[in-house]
1. Exactly one of these conditions fails for V166: (1) over 16 Å from the mean Cα position of the chain (by Cα); (2) open to solvent by less than 20 Å² (accessible area, probe 1.4 Å). Give me its number.
2. At least 3 residues that are open to solvent by 80 Å² or more (accessible area, probe 1.4 Å) and at pLDDT 95 or above in each: list the helices (runs of 4 or more DSSP H) lying fully within the range 186-270 that qualify.
3. Hey, among A351, A340, which residue is surrounded by 13 or more Cβ atoms within 10 Å (Cβ to Cβ), modelled with pLDDT of 95 or more, among the aliphatic types (A, V, I, L, M) and in contact with a Ser or Thr (Cβ under 7 Å, 6 or more places away or on another chain)?
4. Is it the case that some residue within the range 70-80 is over 16 Å from the mean Cα position of the chain (by Cα) and closer than 27 Å to A114 by Cα?
5. Could you count how many residues in the range 283-303 are open to solvent by less than 40 Å² (accessible area, probe 1.4 Å) and of a type outside the set (A, V, I, L, M)?
6. So, in the range 96-118, exactly how many residues are buried (at least 23 other Cβ atoms within 10 Å of the Cβ) and among the polar types (S, T, N, Q)?
7. Here's a check for you: in the range 1-38, which residue that is out of contact with any His (no Cβ under 9 Å at 6 or more places or on another chain), under 24 Å from F245 (Cβ atoms) and of a type in the set (D, E, K, R) is surrounded by the fewest Cβ atoms within 10 Å (Cβ to Cβ)?
8. Just need a number here: residues in the range 309-324 that are in a helix (DSSP H, G or I) and either touching a residue at least 24 places away in the same chain (Cβ under 8 Å) or surrounded by 20 or more Cβ atoms within 10 Å (Cβ to Cβ) (or both).
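The values are calculated or read from the model by the stated rules, or taken from the named source; none is laboratory data. Because the structure is a prediction, the values reported are computed rather than measured. Ideal geometry is used to build each Cβ from the backbone, glycine not excepted, and the neighbour counts take in all protein chains shown. These accessible areas exclude ligands, DNA and RNA; they are computed on the full protein's heavy atoms, side chains included. Shrake-Rupley method; radii C 1.70, N 1.55, O 1.52, S 1.80 Å.
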Amino acid sequence: MHIRFHDAIAGLPAAAWDALRADANPFVSHALLDALERSGCIRPDWGWQAHHLGLYEDGRLLAAAPLYLKGNSHGEFVFDWSWASAWQRAGGEYYPKLLNGVPYSPVAGPRLLAGNDARTPSLQRELVEAMRREAERLGLSSVHANFLQPAELAAFGDGWLARSDVQFHWHNRGYRHFPDFLAALNHKKRKNILRERRQVAASGLAIEWRSGDSLHDDEWQRVHALYEATFDMKGNHAALTVAFFRQLGTLGSTAQLALARDGAAIVAMALFVQGDKVLYGRYWGAAVDVPGLHFELCYYRGIDYAIAHRLDRFEPGAQGEHKLARGFLPARTHSRHYLANPDFRAAVAAALASEAEAVDAYATELGDHSPYADHGEVDR
């Protein structure tokens, strides 16, 4: 078996890469990762350098992993800033590190691409070991595998530290339409959602749902401007370029958008990415302040779309307890971390043990506050 590392996703065969995914998760599709690289979103001066891993046998790609050399911890959503600070205070160099994940997206999905057959577990272990050896060869502090699927966790040995967090996901229980979903909620939550939707209806804004491949260039320009303004307002860096947004429009129905117009002008937007049976909420931006508009575009229109298209799940993004009141239930995410220095690894392991207890308690508490009349459970 031959191991190769690639400084661009274009160096790996697209059809073979996509065929190795355990599911059609769009965030690890060759086309989307390539669009990120070609449109200037993956740049060493922003802390991202592609270092994708491929395992080959007789020239054929058997397994692969999206991999990056990271010069910082931006755009990962599994926060290790305190680890970096501690290691650097001790005289070490935390960066660069290796990241097995996808850029700018707190979305669980395949990270160890090895098909779905009898060889899959052993190939996944080979990928993990290859990442560890590469970190050793380069003298790196650590390797991080973020937002793993549960089926991938067994590939990581005892030397890898486990970490978990909580997101909020909406699950389709076979709802016929939005009122059917509302009927499943308790009275207080249902009343609040109806009030928020009435506020938007009374605003006079026109709301529409559009597939990304139907947007004109000037519409993508406006959508990107709203996205960028939201990041600027919060003092954050908007890493996705307008060129990437335009590229999304060429990927069929991958991008979906909820738009609010005042007359002909787009004044607010929510951008989604659609997988096979899952809708993912990604970005929001608005040039107007309308009560309830954020919830309408980012959550309720997404639920509407998921019901109409018989999707299984809607993942609106990271964090946000306010999602619980709007029908989204707690779900656990998983990551694994290899720290090369054994003393540093032991210190972080002790901190993670305490963190895990807190996260478990938090998830349990959230599960006791289900918005559903039949008390839906935490997704374990």
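1. The single condition V166 does not satisfy is (1).
2. Those helices (runs of 4 or more DSSP H) span 187-202, 217-233.
3. Step by step, each of A351, A340 is checked, and only A340 is surrounded by 13 or more Cβ atoms within 10 Å (Cβ to Cβ), modelled with pLDDT of 95 or more, among the aliphatic types (A, V, I, L, M) and in contact with a Ser or Thr (Cβ under 7 Å, 6 or more places away or on another chain).
4. Looking through the range 70-80, at least one residue is over 16 Å from the mean Cα position of the chain (by Cα) and closer than 27 Å to A114 by Cα.
5. Count: 8.
6. Total meeting the criteria: 2.
7. Once the filter is applied, the top-ranked residue is R38.
8. Total meeting the criteria: 3.
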